[in-house]
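The values are calculated or read from the model by the stated rules, or taken from the named source; none is laboratory data. Remember, it's a predicted structure, so these values are computed and weren't measured experimentally. Note that each Cβ is placed from the backbone with ideal geometry, even for glycine, and that neighbours are counted across all protein chains shown.
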Amino acid sequence: MFFHIVLERNMQLHPRHFGPNLRDKLVAKLMKDVEGTCSGRHGFVVAITGVDSIGKGLIRDGTGFVTFPVKYQCVVFRPFKGEILEAVVTMVNKMGFFAEAGPVQIFVSNHLIPDDMEFQSGDMPNYTTSDGSVKIQKDSEVRLKIIGTRVDATEIFCIGTIKDDFLGVINDPGASA
Amino acid sequence: MSVEPFNRLVKLAARAFYDDIAMKGDNQPKTGRSDNRGMAVVVLDALTRRQWVREEDLAKDLKLHSKQLRRTLRFFEEEKLITRDHRKETAKGAKVYSAAIAATSDGQPVGREGEEKIKLHTHSYCCLDYAQIYDVVRYRLHRMKKKLKDELDNRNTVQEYICPDCGRRYNALDALRLISPDDEFFHCEKCNSELVAESDKLAAEEMGDGDDNARRRRREKLKDMLQKMEVQLKPLMEQLSRVKDLSVPEFGGLQAWEARASAAARANGDSAANDLSKASQGQGYGGTPMPFLGETRVEVALSGVEVKEEDSKADAGANSMKVLPPWMIKQGMNLTKEQRGEVKQESKIDSGLSAPMSDDKKSKVNEKEDEKQIQDEYVKAYYAAILRRQQEQEEAAKRQQKELENKISALNDVIDTPNDRQVGIKSKRDVYEREDGVEWEEAPTAGNTSETYKLNDLNVEAEASGDDEDEIDWEEG
Ligand SMILES: [Zn+2]
């Protein structure tokens, strides 16, 4: 799920950036530092949408670096158990398949793939129904439901299922290509 | 719209799901005495025999403490089985409800008007919500089945993997770390041997860290439960499918229900209802038909009211007869046109209806000038007149065939009469004259009021013809 939230961060800036463009430098560095990171608490930071305030800088002893407290708005993505996501399959193996929904990696184990889909090995491993009408392989798009998340301080990993109503392949790259 | 299949559904659902629900207060110690399991079923059953009911009355009927009942009802409200309505009301408001109840419960001693004399008390009412009950029960069954099946199918469970060499356990959340670049299997982080998926691993929160035996037992139990559910809830499911295509009984909100019920009561000539509203009884004729508890009975009572109102003027013969509404008689006429005997019988009823009606109408014109009533009476008189005219025509035709067989020209005239008489009174007089008056004129009334063709009541005749004229005037105007 996406959220638009306000976060705070202490930014350290090298003295060489002190000058007329100090604020721009600070924002640029903030984007570089924060966007794409993941925190267990807030999820993945997708994009910074604005800087609310930059506090007074504090010169650190010895180094000359200055610490600015920065308040910024950002869009974060945090997956939850029970959430339905659309994801792109990145890898298929005998144990199931991996998929990505933006920054989130999701693993769907083979017992959570419908029983009528069988694993086919080869240079393009896939799960296919007996009549061949539905196929899950690399780059397939699937709709899945998250049934578990592992949230570490800097990482979120999910496991999902496609064994429920209205879940499964939503497009077939082989068919459209 | 039959309530019975839905009531059966409610009763089955009550016994299936609410049989062992104990309704206990938060601070009440659980003793043998306070064990009131089964009360929910009793309350639901009682509700199937009622529509909207004041909760105090229900408590009295069930000999329950009103607090206890309210707790039960609140529970059912949360369960979406009933709708409740609360309102502040005076003794008068309570009376409206009592009248409504008297109208629908058909003599059940429910109304207790005397007791609500205090001003502005909040009263609660409740009523079964059949449409919602149907949905709720279906949804409940669906959830039950899904929960069991999901667990049986290992849905929503985290797959576990085990290392056959070192016995180390992993689960699907570790998958990212376990994939190897070489093949399509997961490998142990420690010894790099191939992991095997552990089968039949149920959801961790359900299982705790149970061993294989516990897992198998759990599985057996689930299967058993699913099977038992299918068997034990079969009557309920059958009832669900039975009511699937039936229209759901709908009582509407408390206000709407009361309005309807009292309208019906008014039409019934119910004295309690008449007290309530000074609205004219005449409007009762065109009033809303009661949408429940037997429409037919209400319709019959409607015309009964008319007779009662006017019985001082109506003759005894009409009163003793079972009077049917005008539109009904018309239908009967069409059906039995060929059968002379029945036509006669019905024409009797007809005169009973129309004679007092026209009389009544005149008096009302003179006295009240009540427009609406007059219109109603006109409609009735109109129907009656149409019927009589049809009968007259038939009688005439029959008569002529018997008596004036050789007078073909006269017969032709009579056959023409329907068209002529639609236009006005003049042509009617024409017919009378041609048919040599007296005998012919007597024929319809004689046929109406007695077995013989002799005229027995001049007054009736006069009224009948007068009625005819009025009707035609009205039609033209
Ligand atoms: Zn190992």
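What to note about this one:
- Qualifying residues in region B:163-175 (those that are away from chain A (no Cβ under 13 Å) and of a type outside the set (A, V, I, L, M, F, W, C)) - the one farthest from the ligand (Cβ to nearest atom): B:ARG169
- In summary, B:LEU178 fulfils each of the numbered conditions (1) away from every other protein chain (no Cβ under 14 Å); (2) of a type in the set (A, V, I, L, M); (3) within 16 Å of the ligand (Cβ to nearest atom) with the single exception of condition (1).
- Some residue of region B:137-156 being within 14 Å of another protein chain (Cβ to nearest Cβ) and assigned to a strand (DSSP E or B): no
- Verdict on A:ALA87 being under 18 Å from A:VAL169 (Cα atoms) and not acidic (Asp, Glu): yes
Okay, residues lined up against (1) modelled with pLDDT under 85; (2) within 16 Å of the ligand (Cβ to nearest atom); (3) surrounded by fewer than 12 Cβ atoms within 10 Å (Cβ to Cβ); (4) more than 30 Å from B:THR48 (Cα to Cα):
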residue: B:CYS127; (1), (2), (3), (4): no, no, no, no
residue: B:ILE133; (1), (2), (3), (4): no, no, no, no
residue: B:ASP150; (1), (2), (3), (4): yes, no, no, yes
residue: B:THR157; (1), (2), (3), (4): yes, no, no, yes
residue: B:TYR161; (1), (2), (3), (4): no, yes, no, yes
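- Selected residue (only one of A:VAL89, A:VAL70, A:VAL75 is assigned to a strand (DSSP E or B) and surrounded by fewer than 17 Cβ atoms within 10 Å (Cβ to Cβ)): A:VAL75
- When region A:33-65 is filtered for residues that are among the acidic types (Asp, Glu) and under 25 Å from the mean Cα position of the chain (by Cα), the ones remaining, listed by number, are A:ASP33, A:GLU35, A:ASP52.
- Residues in region B:149-195 that are in contact with a Gly (Cβ under 9 Å, 6 or more places away or on another chain) and small (Gly, Ala, Ser): B:ALA172, B:ALA175.
- Subset of region B:181-200 [within 13 Å of the ligand (Cβ to nearest atom) and within 14 Å of chain A (Cβ to nearest Cβ)]: B:PHE185, B:PHE186, B:HIS187, B:CYS188, B:GLU194, B:LEU195, B:VAL196
- Some residue of region B:241-250 being more than 14 Å from chain A (Cβ to nearest Cβ), modelled with pLDDT of 85 or more, under 18 Å from B:LYS145 (Cβ atoms) and away from the ligand (no atom under 16 Å from the Cβ): yes
- Per-region count, region A:133-164, residues closer than 15 Å to B:ASP150 by Cβ and more than 10 Å from chain B (Cβ to nearest Cβ): 1
- One residue from A:PHE119, A:PHE97 being in a strand (DSSP E or B) and surrounded by fewer than 20 Cβ atoms within 10 Å (Cβ to Cβ): A:PHE119
- When the test is whether a residue is in contact (Cβ under 8 Å) with a residue 12 or more places away in the chain and either exposed (fewer than 15 other Cβ atoms within 10 Å of the Cβ) or facing chain B (nearest Cβ under 10 Å) (or both), A:MET124 passes it.
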